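Please read the structure below before turning to the comments.
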Amino acid sequence: MNAELIAVGTEILLGDIVNTDAQVISQGLSEFGINVFYQTVVGDNPTRLRHVIETARDRADIIITTGGLGPTLDDLTKETLAAVFGQKMALHQPSLDRIRDFFQTIGREMTPNNEKQAWLPAGCTVFTNEWGTAPGCAFEAYGKHVIMLPGPPRECEPMWKACAMPYLSRFAGGCIVSRNIRVFGLGESQMETILHDMMAESKNPTIAPYAKTSECYARVTAKADTHAACERLLEPVVERICGLLGKDVYGVDVDSLEQVVGDGLRQRGMTLAVAESCTGGLLSERITGVPGCSDYYLGGVCSYANEVKINLLGVQKETLDKLGAVSPEVAEQMAAGVARALGADVGVGITGIAGPGGGTKDKPVGLVYISVWHNGRHVTRKMQSTRGRDRVRTQAASTALDLIRRHIL
C-alpha cells in the first residue's frame, strides 16, 4: 500500500519549526512495508488544504495528516478532510470530558473554543491523546484510510506509536521486526566497509547503515509471518554483526550512550560526577535526561574560568600556568577533583576549545581532552574535531560517556 503524509501548518512553511513528525511516521511506515511516495506541507488555508487532500486521495491508499486539530479558527484539518470524504462531524463526548478534566486539573478555565477539538468525523476510530488535549482519529471512506494526528512532536510521536501504528499493522502483510545496533567509535563509512559483504549477501534480514551526530547504527530488518519467526531470522545476523564491530557496539535496541552508562553504574552501585569546561554542562544535561539518574549521578561543575578550576576542583595553578587549561593534565586534575569534591566513585573532566575562535597553531579549534578517573587511575583521550562548535561539544560529551563504558563498566 502507498501512504501520503500531509503536514498542516503555516509555521512549517515559514521555517519557524522543523517537520520532525514526517521522519518519525515515515520510519514507522517503512517497518510495515508501506511505501511513502509523497510528503506535502500546506499552510492553514482551507482552499489549498482541500486541493492537497484531493490530490492525495487520488494517488494514495493511506493519508496521514499532522497538525490543524487545535481549538483556533485556523485549525481546519478535520473539517476539510470530512468535507472531501463526505463525512459528517459529531461531538465525541469522552474527548470533551477529557479536555474539561485537563483544564480543571491545571486550574484554568476552559474557553468555549476548546470544545472544537472534541468534534470528530462521525463513527471514526478515536485516538486518545494522553500527551495533550486534541484527540487524533482514523476513518475509512472511498476505499481510502485517513489518519489525523496532532502536530506538536511531543504529542504526535507517542500517539503515532501507541495508536496509529497498531491501527495500520493489519496492512503490513506479515510481520516486520527491526533491531538497531548502536555504535560509537566508527564512522558510517568504516562500518559499511566492515559489513559490506554481509549487506550484499543478506536479503532477509536486510542490513542498512545510518549516521547520527557523532555515532552511527546498523538497522537489521526481517520480514516473516510472525514476530517469533522474525526474531529467529534476526538473532544470528545481529550476533554476527556485533562480533564484527566488537567493542564499538555499545548496545542493541538501546536509547543512547547515557542510558547504557547509567544502567551500568546503577547495576554496580557506582556514583558519577563531572567537571566540564568547553561542553558547558552538555554532558550533565544528557546524563540527567535519563529517568532515574539520581540513583548514580551526584552532580557536576561547569568550570569555564581557571579560578573555578583552581578553587572548586583543586586544579594546580602551576599546571595551568605551564601547560594551559587545554591539556591532558588539567583534564585529569578536573576529573579527580570533581570526584573528590562530590564524593563520587567516577569523575569526568573535559577541557578544550569548542570554537569558532580561541584556537592557536599548537592548540587548534576542536581540540579537546577528556579524562575519566576511578580508583586512583585515569583514562584520558585526546579528541580533535573540525565540524563546528555544536559538533565538538556533542562529540566530547559522547566520548566521555564512551570512556566510562569501555574502561569502567
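Computed values, structure above
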| read-out | value |
| --- | --- |
| Sites matching trypsin sites (Lys or Arg not before Pro) across segment 122-231 that sit in DSSP coil, with at most 15 neighbouring C-beta atoms within 10 Å | 203 |
| Probe 1.4 Å - accessible area at residue 302, Å² to nearest ten | 80 Å² |
| Length-normalised contact order of segment 344-409 in % [C-alpha pairs under 8 Å, at least 6 apart] | 30 percent |
| Percent carbon-and-sulfur accessible area, segment 221-285, ignoring ligands, DNA and RNA, probe 1.4 Å | 49 percent |
| Reachable aspartates and glutamates, given that their alpha-carbon falls under 15 Å from the alpha-carbon of residue 223 and they are not under 8 places away in the same chain | 31, 231, 235 |
| FRET efficiency, residue 108 to residue 74 (Cβ-Cβ, R0 25 Å, nearest 0.05) | 0.70 |
| Loop-located chymotrypsin sites (Phe, Trp or Tyr not before Pro) in segment 112-203, at most 12 other Cβ atoms within 10 Å (DSSP) | 142 |
| Bridge type composition, segment 184-312 - antiparallel percent by DSSP, nearest 5 | 60 percent |
| Cα-projected label distance for residue 18 with residue 89, points at 7 Å along beta-carbon direction, nm | 3.4 nm |
| Sum of -39500 (n - 2.57) over DSSP H runs of 4+, divided by residues of the chain (222 nm, nearest 500) | -12000 deg cm²/dmol |
| Where N is the number of residues in segment 30-165, Cα Rg divided by 2.2 N^0.38 Å | 1.04 |
| Convex hull volume of segment 97-236 per residue (C-alpha atoms, cubic angstrom) | 180 Å³ |
| Gaussian network model of the chain, Cα within-10 Å springs - most flexible of 332, 239, 231 | 239 |
| Contour minus Cα-Cα distance for residue 382 and residue 247 (0.36 nm per residue) | 46.7 nm |
| Three-way shape label, segment 325-367, alpha-carbon gyration tensor, a/c 1.5 | prolate |
| Shape category assigned to segment 277-409 from the gyration tensor of Cα positions, a/c cut at 1.5 | oblate |
| Average accessible area per residue (Å²) across the chain - probe 1.4 Å, nucleic acids and ligands excluded | 47 Å² |
| Using alpha carbons only: equivalent-ellipsoid semi-axes of segment 1-99, gyration tensor based, whole Å | 22, 17, 15 |
| Proximal charge balance of residue 406 [Cβ under 11 Å; K/R count +1, D/E count -1] | +1 |
| Correct option for Cα Rg over 2.2 N^0.38 Å [calculated from the coordinates] among (1) 1.19; (2) 0.98; (3) 1.23 | (1) |
| Built amide H within the under 5 Å cut-off of residue 40, gap 5+ | 5, 6, 7 |
| Relative contact order of the chain, pairs being alpha-carbon contacts under 8 Å that are 6 or more residues apart, as % | 10 percent |
| Amide proton proximity set for residue 275, modelled H, under 5 Å, gap of 5+ | 301, 348, 349, 350 |
| Gyration tensor verdict on segment 160-239 (Cα atoms; rounded if a/c is under 1.5, prolate if a/b is larger than b/c, oblate otherwise) | oblate |
| Magnitude of the charge dipole, segment 287-405, Cβ model with Lys/Arg +1 and Asp/Glu -1, debye to 20 | 380 debye |
| Charged-residue dipole, Cβ positions (Lys, Arg, Asp, Glu), the chain about Cα centre, Debye nearest 20 | 700 debye |
| Extension gain from residue 322 to residue 39, taking 0.36 nm per residue of separation minus the Cα-Cα distance | 96.1 nm |
| Residue-count net charge about residue 10 - beta-carbon cut-off 13 Å; Lys, Arg +1, Asp, Glu -1 | -4 |
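The values are calculated or read from the model by the stated rules, or taken from the named source; none is laboratory data. Keep in mind the model is a prediction, meaning the values are calculated, not measured. Glycine also receives a Cβ, built like all others from the backbone with ideal geometry; neighbour counts cover every protein chain displayed. These accessible areas exclude ligands, DNA and RNA; they are computed on the full protein's heavy atoms, side chains included. Shrake-Rupley method; radii C 1.70, N 1.55, O 1.52, S 1.80 Å.
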